[in-house]
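Data first, discussion second: the structure below is written as structure tokens.
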Amino acid sequence: MSTIRKVAVLVGSLRKGSFNRMTAGVLAAVAPAEMQLEILEIGQLPLYNQDDDDAPPAQYVAFREKIRAADAVLFVTPEYNRSVPGVLKNALDVGSRPYGHSAWDGKPAAVVSVSPGAIGGFGANHHLRQSLVFLNVPAMPQPEAYIGGAATLFDKDGNMTNEGTRKFLKGFMEAFAAWIEKILVVR
Ligand SMILES: Cc1cc2nc3c(=O)[nH]c(=O)nc-3n(C[C@H](O)[C@H](O)[C@H](O)COP(=O)(O)O)c2cc1C
């Protein structure tokens, strides 16, 4: 039997009816059985303040522990002004400190960007990867996932109605499962 892998899912949108959150739900549904996906909420995290490093808010402590407990991280994010939404960048910063104690270090990861626009949040996807390089988070290079036209992919209840995209996301999660095993073996 394969080892169960806990995957922390970070969604870069706080919006009710978020296409990214809907996509995260689909990713959980199509993932191989050995992957346990759990969305870690990030909207409750206070804005990172380095003055708090010695006495961190309880929300920081709980968040950092959850990241540490995860085998891998899946980012599902919209693009805001061709970059990563502030709420997601804040979560990256919170998890990265205090200096020398980053919770992200070495975690295998994957990035999915979702937008109603035509280029599928490419800018956010790659800005996020820039931070992940610095954080020593090995992000799966292929397949890439830029999900465009998001407003046409779901019904009013948030179910994915586009079978081609669902199939693509299933293949993406299978590749991510293999990526996790590859990275954890060499760690
Ligand atoms: C502040 C802001 C900036 C945005 N900038 C972009 C952008 O650069 N590129 C893009 O494709 N969509 C942009 N959008 C539109 C979002 O892609 C759209 O609101 C999307 O539905 C957000 O994802 P969600 O449905 O998961 O909340 C922006 C939206 C907001 C609120």
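Some points to look at:
- Of the trypsin sites (Lys or Arg not before Pro) in the stretch 1-70, those whose Cβ has at most 12 other Cβ within 10 Å and which sit in DSSP loop: R15, K16
- Percent RCO, i.e. relative contact order, over the stretch 70-155, from Cα pairs under 8 Å lying at least 6 residues apart: 35 percent
- Here N136 and A33 are evaluated by their C-beta separation; at R0 = 30 Å the FRET efficiency comes out at 0.55.
- Exceeding the 31 Å Cα-Cα cut-off - candidates K6/K167; K107/K156; K6/K89: K107/K156
- Sites N162 and A58 - FRET efficiency at Förster radius 45 Å, r taken between beta-carbons, to 0.05: 0.65
- Using C-alpha pairs under 8 Å with a sequence gap of at least 6, the mean separation divided by the residue count of the stretch 10-114 gives a relative contact order of 38 percent.
- For the stretch 38-100 and the stretch 119-179, distance of Cα centres in Å: 20 Å
- Efficiency of FRET between Y99 and K170 - r from beta-carbon atoms, R0 35 angstrom, step 0.05: 0.35
- Using the alpha carbons alone, the radius of gyration of the chain stands to its Kirkwood radius in an Rg to Rh ratio of 0.95.
- Probe 1.4 Å, protein heavy atoms only - accessible area per residue of the chain in square angstrom: 50 Å²
- Whether the stretch 1-105 is rounded, prolate or oblate, judged on the alpha carbon gyration tensor where a/c under 1.5 counts as rounded: oblate
The values are calculated or read from the model by the stated rules, or taken from the named source; none is laboratory data. Nothing here was measured: the structure is a model prediction, and the numbers come from that model. Heads up, the Cβs are rebuilt from the backbone with ideal geometry, glycines too, and the neighbour counts pull from every protein chain shown. These area figures cover heavy atoms from the full protein model, side chains too; ligands, DNA and RNA do not enter into them. Shrake-Rupley method; radii C 1.70, N 1.55, O 1.52, S 1.80 Å.
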